[in-house]
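The values are calculated or read from the model by the stated rules, or taken from the named source; none is laboratory data. Keep in mind that what you see is a predicted model, and the values were worked out from it rather than measured. Please note: Cβ atoms are built from the backbone with ideal geometry, for glycine as well, and neighbour counts cover all protein chains shown.
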Amino acid sequence: MTMRFKTIFMAILISCASLGAIPMVQAADDDAVAQAIKARQAGFRLYSFYVGQLFAMAKGEQEYNADLAATLANNLVAVTELSNGMMWLPESDNTARQGKTRALPEIWAADSNIGDKAQTLKDAALGLSLVAGDGLDALRGEIGAVGEACDSCHEDFRAEDF
Amino acid sequence: MVQDNDTSAGASRFEPQKVWDPAIRIWHWMLVFSVVSGWLLGEFRSFSTMQWHIYAGYTTGTLILLRIVWGFIGPPPVRFRALAVGPSTLKNYAGKMFQREPSGVAGHNPVGAISVILMLVLLSVQVMTGLFSEDDALFFDGPLANTVSGSIRTTLTAYHHLSAKAILVIVLLHVSAILFYLLWKRENLVKAMITGWKIVRK
Ligand code: HEM
Ligand code: HEM
């Protein structure tokens, strides 16, 4: 193969590769904002995984197990204690990232009380962790406050659909 | 027998008639109870009361099914045939609706018939979406929520919330219309829905 053919061949190869890269850049589905959105959704899934089993026990859909209940409640406390401010990047609301997130722009408003909502959940989770292993009645007494803390934040700050 | 002559538009042109059968009257007031309680238990939900929202929803659903049966085999004024009004009847009645005299229809008036159908459709949508709704905060799910994918579940839950708002609007409209008939047209439809006797144009 001559030098000229090699050059042309390389030129075509490089053009194809860069053309192929354009859609990847445009899709931008794994930039910092996209990663932060996925991370915070994963965090909520974690809440849901722990607290879901506690709700199932409270409603009699899953057998009450004191050790498991205590562990689940402690895990919930642990995840609510994480400082996750870095997941709530600017331009990561549901108008900037349609179809990817349900986080409403109100979260970032100057008068937003989302911090209070998060604190309410922290307090409720802590209250639950103190009694979750003390029997079904104790669990039932405290778990409502946790669910209502989740509900009240979704009501104000989460869109109905993606 | 209730002699209802409280109309100022000349009693001679009207006569009391038994229009609403007992079943539809009991049905209506049970529906009022189940819809109002279901709506309030949904809007102001808590962990300890959410199960009652779902029971109220089942009650509403059962009542809607019974009404559909009654629409085919019930007495003439509640049949779907009587509710299916054409555009010309509707236009004709809408033109006279604001006249200050009782309509005196032996059943639903044409505009009322449209609103009845709308209410029945909206309530059916409400119950059907409710069966697939998920509550990922208080962890109460509709009994069929697990039969569809997560994204469909989220969408149907959103529709459940949306049609709850629509129901609020149409029920307020319904009650306002009843008040309009009472105060403006001097026609007491509520009494008729309780006793069954209605003042009907001869
Ligand atoms: C079988 C029937 C029904 C079931 C299984 C059902 C289930 C549910 C569930 C699981 C939720 C909670 C959704 C969430 O927290 O995000 C909900 C909310 C709600 N439901 Fe139902 N429902 C039913 C019927 C009805 C009916 C008949 C009405 C009204 C007439 C109604 C009105 C509401 C309202 C107002 C909410 C709260 C919506 C909001 O906060 O925006 N539901 N329902
Ligand atoms: C949640 C609340 C309510 C719902 C869902 C509702 C629904 C309905 C429906 C579906 C009908 C048609 C009856 C049929 O199937 O043939 C109807 C008729 C009627 N409703 Fe209601 N209703 C509600 C509240 C009320 C209230 C509070 C009043 C009293 C102020 C009332 C008074 C009447 C009357 C008088 C009729 C007969 C209308 C006519 O003569 O054409 N309703 N309602």
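None of B:V111, B:V121, B:V69 is in a helix (DSSP H, G or I) and within 16 Å of ligand 1 (Cβ to nearest atom) except B:V121. The single condition among (1) of a type in the set (G, A, S); (2) more than 10 Å from ligand 2 (Cβ to nearest atom); (3) part of a helix (DSSP H, G or I) that B:S46 does not meet is (3). Pairs linking a residue in segment A:142-154 that is more than 8 Å from chain B (Cβ to nearest Cβ) to a residue that is among the basic types (K, R) and assigned to a helix (DSSP H, G or I), with Cβ atoms under 6 Å and 6 or more positions apart or on different chains, are A:C153/A:K117. Taken across segment A:141-148, residues that are within 12 Å of ligand 1 (Cβ to nearest atom) and touching a Lys or Arg at 6+ places or on another chain (Cβ under 9 Å) do occur, with at least one present.
Mind listing whichever residues of segment B:113-129 are over 14 Å from B:G57 (Cβ atoms) and either of a type in the set (A, V, I, L, M) or more than 10 Å from ligand 2 (Cβ to nearest atom) (or both)? Result: B:A113, B:I114, B:V116, B:I117, B:L118, B:M119, B:L120, B:V121.
Annotation note: of B:A82, B:A94, the sole residue that is away from ligand 1 (no atom under 16 Å from the Cβ), in contact (Cβ under 8 Å) with a residue 12 or more places away in the chain, farther than 23 Å from B:Q17 by Cβ and part of a helix (DSSP H, G or I) is B:A94.
Among the residues making up segment A:58-79, those that are within 14 Å of another protein chain (Cβ to nearest Cβ) and either within 20 Å of A:C150 (Cβ to Cβ) or out of contact with any helix residue (DSSP H, G or I) (no Cβ under 9 Å at 6 or more places or on another chain) (or both) are A:A58, A:K59, A:E61, A:Q62, A:L72, A:L76. Could we say that A:E160 is assigned to a helix (DSSP H, G or I), of a type in the set (D, E, K, R) and within 13 Å of chain B (Cβ to nearest Cβ) here? For A:E160, the condition - assigned to a helix (DSSP H, G or I), of a type in the set (D, E, K, R) and within 13 Å of chain B (Cβ to nearest Cβ) - is not met.
Here A:A70 fits the description: part of a helix (DSSP H, G or I), touching a residue at least 24 places away in the same chain (Cβ under 8 Å) and either in contact with a Pro (Cβ under 9 Å, 6 or more places away or on another chain) or farther than 25 Å from B:D141 by Cβ (or both). Annotation: of all residues in segment B:158-194 being of a type in the set (D, E, K, R) and more than 9 Å from ligand 2 (Cβ to nearest atom), the one that is surrounded by the fewest Cβ atoms within 10 Å (Cβ to Cβ) is B:K165. Among residues of segment B:130-152 that are within 16 Å of ligand 2 (Cβ to nearest atom), those with a Cβ under 6 angstrom from a residue that is at pLDDT 95 or above, sequence gap 6+ or separate chain, pair up as B:G130/B:G57; B:G130/B:G142; B:G130/B:H160. Summed over segment B:136-178, the residues that are more than 27 Å from A:T101 (Cβ to Cβ), in a helix (DSSP H, G or I) and either among the aliphatic types (A, V, I, L, M) or within 7 Å of ligand 1 (Cβ to nearest atom) (or both) give a count of 10. Out of the residues in segment B:8-64 that are among the charged types (D, E, K, R) and more than 28 Å from B:K191 (Cα to Cα), state the one that is farthest from ligand 1 (Cβ to nearest atom). Checked segment B:8-64; the qualifying residue farthest from ligand 1 (Cβ to nearest atom) is B:R45.
Of the residues making up segment A:91-122, those that are part of a loop (DSSP other than H, G, I, E, B) and either among the β-branched types (V, I, T) or surrounded by 13 or more Cβ atoms within 10 Å (Cβ to Cβ) (or both) are A:S92, A:D93, A:N94, A:T95, A:A96, A:R97, A:K100, A:T101, A:R102, A:L104, A:S112, A:N113. Considering segment B:133-157 alone, what residues qualify as being within 9 Å of another protein chain (Cβ to nearest Cβ) and either within 18 Å of A:S48 (Cβ to Cβ) or surrounded by 21 or more Cβ atoms within 10 Å (Cβ to Cβ) (or both)? Within segment B:133-157, B:D135, B:D136, B:A137, B:L138, B:F139, B:F140, B:S151, B:T154, B:T157 qualify.
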